[in-house]
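I have a structure I would like to understand better, so I am pasting it below and will then ask my questions one at a time.
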Amino acid sequence: MATPVLKNRLLTLTRGKFRESEFGAPTFRDFLLLNTSTIRIDESSRPGNAILLSYDTSVQSSVKSGSSNEITIREDLWRSILDYSSGQLYAWDTESGTARPSQPEEELPRLPTLTGPEFQTWRDDFIETEVTSEEPGYDRIQRWQSQRLPSIVLPPLARRRWNDYLKKRVIERLTNWFAERNLQIPAIKSERKKRAVADSQTLDLRNFLVACIHAMSREEMLELKLPATVAFRVHQHGKVEPAGAD
């Protein structure tokens, strides 16, 4: 299929929401090259044809079969550990048994939100312990690590393993923090399915965008286009209020 036709099909299927940039690719051709084990680009004619090499149904069935019993983590606890890019501090409210944004001068225990370097250390450890250079899509995994891209860039099975790894590390960090302070460990797991995965991808993308902004010049930042709803939230609250994952 011609690459422009394929992109139009994707736009139709996603009702115009498809953006290759969301996968860390500057162009549609770069997006197709994210998975050379599945798609090959034939450039013998213009504008080029995308050729499907294989379709591994075991990948799809594996993801589906495990989706109903995934370990999920309470949203307030999940955010309190991973929302490092907003600069928000989180406190443990012992009366309500919830994690919430910390208020000035209050003396509630402050939860151990990750720093940017700590999160990158988790990525590095995941690559070292959970990934082999022989697995499909290894080049994409390396790009995700080195360029600090959103987890959506990862191949499906690697993304699933990363989400499982991330949840395990968050549970470990929370459990140790409560134990060290002799606080009763709350129910960390959530009854809401798939929420932790969605939050992981949202926070990962937010952190990536913040890193991009830090790398921009003044002229580049002046060219940014912000949704009116975001500008309104910042104006109304005087600071960034992170939107939900939904």
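The values are calculated or read from the model by the stated rules, or taken from the named source; none is laboratory data. The structure displayed is predicted, hence computed values, not measured ones. Glycine gets a Cβ as well: all are built from the backbone with ideal geometry, and neighbour counts include every protein chain shown.
Hey, T175 hits all of (1) of a type in the set (S, T, Y); (2) at pLDDT below 85; (3) over 15 Å from the mean Cα position of the chain (by Cα) but one; which does it fall short on?
(2)
Right, here's the next one. Collect the residues in the stretch 189-238 that are assigned to a loop (DSSP other than H, G, I, E, B), surrounded by 12 or more Cβ atoms within 10 Å (Cβ to Cβ) and modelled with pLDDT of 70 or more, keeping them in residue-number order.
M216
Among the candidates I171, I141, I152, which residue alone is without any contact (Cβ under 8 Å) to a residue 24 or more places away in the chain and in a helix (DSSP H, G or I)?
Of the residues listed, the single one that is without any contact (Cβ under 8 Å) to a residue 24 or more places away in the chain and in a helix (DSSP H, G or I) is I141.
For E128, which of the numbered conditions (1) exposed (fewer than 13 other Cβ atoms within 10 Å of the Cβ); (2) under 23 Å from A179 (Cβ atoms) fails to hold?
(2)
Looking at the stretch 104-113, which of the residues that are under 27 Å from the mean Cα position of the chain (by Cα) and free of Cβ contacts under 8 Å to residues at least 60 places away in the same chain is surrounded by the fewest Cβ atoms within 10 Å (Cβ to Cβ)?
R110
Can you work out which of the residues in the stretch 20-41 that are outside any helix (DSSP H, G or I) and modelled with pLDDT under 80 is surrounded by the fewest Cβ atoms within 10 Å (Cβ to Cβ)?
Across the stretch 20-41, the extreme among qualifying residues is P26.
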